[in-house]
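Colleague: Structure below; questions to follow.
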Amino acid sequence: MSLQDTIPNNVDLNHDRRLKKALESWQPKFIEWWKEMGPEGFQEKDIYLRTAVSVDKDGWADYKQVKMPDYRWGIFLTPEEGNRKVGFGDMIDVDTFDEVPGEFRNALRRLIVTQGDTEPGSVEQQRLLGQCAPSLYDMRNLFQVNVEEGRHLWAMVYLLHRFFGKDGRDEADDMLERRSGNADKPRILEAFNQPIDDWLSFYCFTMFVDRDGKFQLATLAESGFSPLRRSCRFMLTEEAHHLFVGDRGISRVVKRSAELTRESGGDPYSLGGIPLNIVQKYINYWVTYAMDLFGGEISSNAADFFAAGLKGRYNEQRKYKDHSGNEGEFEIPVVQGGKLMPRAVPIRNAMNELLREEYIADSRSAIRRWNKIIAEEGVDFELSLPHKRFHRHQGEYAGHFFNNEGELCTEEEHAVLTEALLPTEADRALVKSLMVQVTEPGQMANWISPPAKGINGMPLDYEYVKL
Ligand code: BYC
Ligand code: FE
Ligand code: FE
């Protein structure tokens, strides 16, 4: 573990001088990008942040007040485990690879670049949110998420520099060139080009888009390419906090909205709260973009990744007996002659859909918890997940129109549904009108209820950001 180095790491950078030099020349470009595209207006403030300082199960994190540009972005891989065999695909029981096999070079590079590109994308999307944070507690959580997404970029850039030579260095530079939402050089995946300019969007994003991160990272954490597997394992420990921020954020909004719905007799906005049907629309919006992130329902890319032992299934080792992925088929409805018809697809080609199903099940359990909160307030309203075919831009269902029951519909019907089920300009304006920055320690904006407790055992009214 080299924590004092300019780049904290547990990959023995000191013994690879060329790599170290290459990363040290990328570092100032990263910092420049961070200052330009990271959280606006808070770079010189002291923030109570957690920094990764080791990969031990207990106590890998150090909490203290730091300025974001001084955050110790480092390279951390979980330790090599005992069993060092590829766990699935065509190479089961072959030794895991510590170097990139030539025939998988392009596939691996694509996976790493796609993963890496999301990280700075999310930081860019969230850069103005500090200015309307509902509390110092939330503001700090936002910045914590942001610095960790920055570290996730470092994790992927390390792999690019270490294993992909000049191509890898070029890709690492391009990560700092693309920009969320930019027409000429957008981020690769569409969810990372959608604006996030209010906190309801932020919570939905960390709940539902970071959750795609959890599932994608989990499949890469099964990878036969050891450095990728070990990088993603450690990223997952940080990801848990991002999901916490999203899940609890929505819980707190839902609780406050339900309270104000009850108190106002059905018009929470009159008391400064967000109507629950608007919360539902925001959920629909972000979940449908998250559905796209799993890629095509039927994908030869996914089959190739699996065959090569690069990207497994969720909980591949724990959940499945057959790891070849050659047994059985998965039925996927496809559009044929204007109708939805079942098609039996070999499991390997259905990997994206299997993962999407895992994601849906995970998200459903959160929806159930939120509905309990609403019921406890005595309000008659139920949240739900949108149908996986509704409002899709990628895969089998893109280019067709589906209603929220998953049935084909006409373009006109779809336009009406879009208006009813996705945030309108007026909805967005309403939410935005409630976004006011609250800077008094311990105080909350009126539209959200307080969290159950503070961070790392600190009181709720601790000054998490010193303004
Ligand atoms: N937008 O065979 P297909 C996270 C492209 S989130 C735009 O259907 P495949 C985070 C696709 O690239 C986790 N393009 O899909 C969260 C392909 O293009 P080419 C991110 C898309 O390849 C919050 C074509 O369509 N990690 O970490 O099986 C904050 C056909 O592709 C989209 C990963 O995604 C889209 N949504 O699967 C911060 C893991 N979907 O090759 C961070 C790495 C597909 O024809 N990536 N396309 O030009 C992958 O595993 C796969 O690339 C995907 C796509 C699952 C994304
Ligand atoms: Fe991340
Ligand atoms: Fe994340």
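The values are calculated or read from the model by the stated rules, or taken from the named source; none is laboratory data. Since the model is a prediction, treat every value here as computed from it, not as a measurement. Note that each Cβ is placed from the backbone with ideal geometry, even for glycine, and that neighbours are counted across all protein chains shown.
Colleague: Any idea how many residues of segment 287-331 are touching a Ser or Thr at 6+ places or on another chain (Cβ under 7 Å) and within 16 Å of ligand 2 (Cβ to nearest atom)?
Modeller: 0
Colleague: Within the bounds of segment 246-257, is there any residue that is out of contact with any Leu (no Cβ under 7 Å at 6 or more places or on another chain), outside any helix (DSSP H, G or I) and crowded, with 24+ Cβ neighbours inside 10 Å?
Modeller: no
Colleague: Right, here's the next one. Which one of these is of a type outside the set (Asp, Glu) and under 21 Å from residue 221 (Cα atoms): 6, 96, 51?
Modeller: 96
Colleague: Which pairs turn up if I take residues in segment 231-244 that are among the polar types (S, T, N, Q) and look for partners that are within 13 Å of ligand 1 (Cβ to nearest atom) with beta carbon separation below 8 Å, at least 6 apart in sequence or on another chain?
Modeller: 231/155; 231/156; 231/159
Colleague: Shifting gears a bit: Is it true that some residue in segment 319-331 is at pLDDT 95 or above, surrounded by 14 or more Cβ atoms within 10 Å (Cβ to Cβ) and under 30 Å from residue 417 (Cβ atoms)?
Modeller: Within segment 319-331 (the criterion being at pLDDT 95 or above, surrounded by 14 or more Cβ atoms within 10 Å (Cβ to Cβ) and under 30 Å from residue 417 (Cβ atoms)), the answer is yes, since at least one residue qualifies.
Colleague: Of the residues that sit in segment 202-245 and are over 25 Å from residue 87 (Cβ atoms) and touching a Phe, Trp or Tyr at 6+ places or on another chain (Cβ under 7 Å), which one is farthest from ligand 2 (Cβ to nearest atom)?
Modeller: Residue satisfying both the conditions and the ranking: 204.
Colleague: While we're on this one: Please enumerate the residues belonging to segment 365-393 that are of a type in the set (Phe, Trp, Tyr), within 23 Å of the chain's Cα centre (by Cα) and closer than 30 Å to residue 410 by Cα.
Modeller: 390
Colleague: Also, I was wondering about something else. Return the total of residues in segment 218-244 being among the hydrophobic types (A, V, I, L, M, F, W, C) and near ligand 3 (Cβ under 9 Å from one of its atoms).
Modeller: Qualifying residue count, segment 218-244: 2.
Colleague: Here is a follow-up. Output the qualifying pairs, or none if there are none: Cβ atoms under 7 angstrom, residues six or more apart or on different chains, first residue in segment 137-149 and closer than 16 Å to residue 37 by Cα, second residue within 10 Å of ligand 3 (Cβ to nearest atom) and of a type in the set (Asp, Glu).
Modeller: From residues that are closer than 16 Å to residue 37 by Cα, the pairs are 148/238; 149/119.
Colleague: Among the residues of segment 210-237, how many are within 11 Å of the chain's Cα centre (by Cα), charged (D, E, K, R) and either buried (at least 23 other Cβ atoms within 10 Å of the Cβ) or outside any helix (DSSP H, G or I) (or both)?
Modeller: 2
Colleague: Next up: In segment 11-31, which residues are without any contact (Cβ under 8 Å) to a residue 24 or more places away in the chain and either surrounded by fewer than 12 Cβ atoms within 10 Å (Cβ to Cβ) or over 22 Å from residue 228 (Cβ atoms) (or both)?
Modeller: 12, 14, 15, 17, 18, 21, 24, 25, 28
Colleague: Only helices (runs of 4 or more DSSP H) wholly contained in segment 101-191 count here; list those with 1 or more residues that are of a type in the set (Phe, Trp, Tyr).
Modeller: 136-163
Residue-wise test of (1) on the phi < 0 side of the Ramachandran plot; (2) in contact with a helix residue (DSSP H, G or I) (Cβ under 8 Å, 6 or more places away or on another chain); (3) more than 12 Å from ligand 1 (Cβ to nearest atom); (4) at pLDDT 95 or above.
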{"position": "113", "(1), (2), (3), (4)": "yes, yes, no, yes"}
{"position": "131", "(1), (2), (3), (4)": "yes, no, yes, yes"}
{"position": "139", "(1), (2), (3), (4)": "yes, yes, yes, yes"}
{"position": "156", "(1), (2), (3), (4)": "yes, yes, no, yes"}
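Colleague: Looking at (1) more than 21 Å from residue 101 (Cβ to Cβ); (2) touching a residue at least 12 places away in the same chain (Cβ under 8 Å), can you tell me which one residue 183 breaks?
Modeller: Looking at each condition in turn, residue 183 falls short on (2).
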